[in-house]
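Asker: This is the structure I want to talk about, given as structure tokens.
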Amino acid sequence: MLTSASTGALGQVSNSIKLNEVMTNNTTSLQDEYGRREAWVEIANVSFSTYNVRGMFLTTDRSVLDPEMSVPERIKRMSIIPNGDARTNLSARQHLLLYCNSNPAKGTLHLSVKIDPEKPTWIGLYNGNATQLLDSVTVPALGANQSYARQHDGSPVWQVKPADAVTPGISNYIQVDETKIAKLKRNDPYGIGITVLAMGIVFFCLALLCIFFTLFGMFMKHRAAAKKVANMQPLKAGVKTMEKTVELGHKTNVLLQDGLKSKGIDKETYIAVIALAIQQYTSNTHDVESGIITIKPKDTDWNVEYIQMTQFHE
């Protein structure tokens, strides 16, 4: 199980850490922190995981390919990438520049690897045990400030790049006229970015719909409450009161008109007197008197009101 796990881890590293770009004849290009222009090698992490390249080995000596060579002897012919620098911890799609033909005492990124700018150069990258070749490339003799680089990060195709197209520390593939689809494929080969973007758009639309329906529900709720208040019982009672008032006013008007026509004598009085007379006549209980019924009006306060109302009417 340990052997399988180790083999799998080494396989992941070999597929993730690559030699990405090399410049062997640096005259006017990149300078180190001391102002010197040295040959340099760029290593790239082409995966989306983080790997630390400290302890790995870089060499230009082909003799290390001999399978019979012992590990200590192979290490003597290599230059180790030392600890002590956070830049050796490569995150996803990150690059690291190593200066060659230099002195490791100058800094973590300075290696003693020998590169002859006038000759083709083989470069090999080994793991921390100096037993597995992670990546290698044979760089042809280059002109001043030219580089030998992969067509794009991790690509198996290498090409010579002119001085104005050298890309130390960044992605190799720079093309202004590339299509959006091609650029998307290059920057997001596994589709992770487009997936996150699509999910973000979906959730954003759902959030907008949630806000819209929440506001619409609040509006309808307040509208229903206002309608309920408008139909409350006190309002109905007020309407009925007004109806009763109108009805009472109408009756009062009728009574007033009847009073004017009957000259102040209520209809009920007439009816009562006539009914009494008829009752007495039919029952023969009336006093012995003449057959004349005399009704004399009686002066009351109503007569005064009647006079005033009659005058006002006239």
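Asker: Given a Förster radius of 41 Å and the C-beta distance between residue 114 and residue 180 as r, what FRET efficiency does 1/(1 + (r/R0)^6) yield to the nearest 0.05? Before the final figure, lay out the partial values.
Answerer: Values: r = 44 Å, r/R0 = 1.07.
Once the sixth-power term is evaluated, E becomes 0.40.
Asker: Which entries of 114/180; 161/185; 76/106 show an alpha-carbon separation above 31 angstrom in the structure shown? Before the final figure, lay out each step's value.
Answerer: Working: 114/180 41 Å; 161/185 22 Å; 76/106 20 Å.
Too far apart for the 31 Å limit: 114/180.
Asker: Roughly speaking, what is the centre-to-centre gap between the range 59-85 and the range 145-166 when only Cα atoms are used, to the nearest Å?
Answerer: 26
Asker: Roughly what would the spin-label model give for residue 243 and residue 129, points 7 Å off Cα along C-beta, in nm?
Answerer: 10.1
Asker: Among 109, 154, 134, whose Cα sits farthest toward the positive end of the charge dipole of the range 44-177 (+1 at Cβ of Lys/Arg, -1 at Cβ of Asp/Glu, about the Cα centre)?
Answerer: Farthest towards the positive end: 109.
Asker: How high is the FRET efficiency from residue 65 to residue 155, r the C-beta distance, R0 35 Å, rounded to 0.05? Kindly include the intermediate steps, with their values, before the conclusion.
Answerer: Details: r = 24 Å, r/R0 = 0.67.
In this case the efficiency is close to 0.90.
Asker: Return the distance in nm (one decimal) between the two label points of a simple spin-label model at residue 170 and residue 86, each offset 7 Å from Cα along Cα→Cβ.
Answerer: For residue 170 paired with residue 86, the spin-label model returns 2.3 nm.
Asker: Cβ neighbours within 10 Å, averaged per peptide: list 189-202, 38-51, 102-115 in order, most packed at the top. Provide the component values of the computation, followed by the final result.
Answerer: Numbers: 189-202: 11.0, 38-51: 20.1, 102-115: 16.9.
The most tightly packed comes first, giving 38-51, 102-115, 189-202.
Asker: By its C-alpha gyration tensor, with a ≥ b ≥ c as the square roots of the eigenvalues, how is the range 107-194 shaped: rounded for a/c under 1.5, else prolate for a/b larger than b/c, else oblate?
Answerer: On the way: a/c = 2.33, a/b = 1.42, b/c = 1.64.
Since a/c reaches 1.5 but b/c is at least a/b, the shape of the range 107-194 is classed as oblate.
Asker: Moving to a separate point now. Relative to the present Cα-Cα distance, how much length would full extension add between residue 29 and residue 141 at 0.36 nm per residue of separation?
Answerer: On the way: separation 112, 0.36 × 112 = 40.32 nm, distance 1.67 nm.
Gain on extension, residue 29 to residue 141, equals 38.7 nm.
Asker: I'd like the accessible area for residue 271: 1.4 Å probe, protein heavy atoms, all chains in place, Å² to the nearest 10.
Answerer: Residue 271 exposes around 110 Å² with every protein chain in place.
Asker: Using a cut-off of 14 Å between beta-carbons, work out the net charge of the residues near residue 103 (Lys and Arg +1, Asp and Glu -1, residue 103 not included). Before the final figure, lay out the partial values.
Answerer: On the way: positive: 36, 106, 114; negative: 32, 33, 38.
My count for the surroundings of residue 103 gives 0.
Asker: Please work out whether the range 21-155 counts as rounded, prolate or oblate from its C-alpha gyration tensor, where a ≥ b ≥ c are the square roots of the eigenvalues and a/c under 1.5 means rounded, while otherwise a/b larger than b/c means prolate and anything else oblate? Mind showing how you got there, number by number?
Answerer: On the way: a/c = 1.31, a/b = 1.13, b/c = 1.16.
Because its axes are fairly even, with a/c under 1.5, the range 21-155 counts as rounded.
The values are calculated or read from the model by the stated rules, or taken from the named source; none is laboratory data. All of these numbers come straight from a predicted model, not from anything done at the bench. So basically every Cβ, Gly included, is an ideal-geometry build from the backbone, and we count neighbours across all protein chains shown. When the accessible area is computed, the model is the full protein with side chains, heavy atoms only, and any ligands, DNA or RNA have been set aside. Shrake-Rupley method; radii C 1.70, N 1.55, O 1.52, S 1.80 Å.
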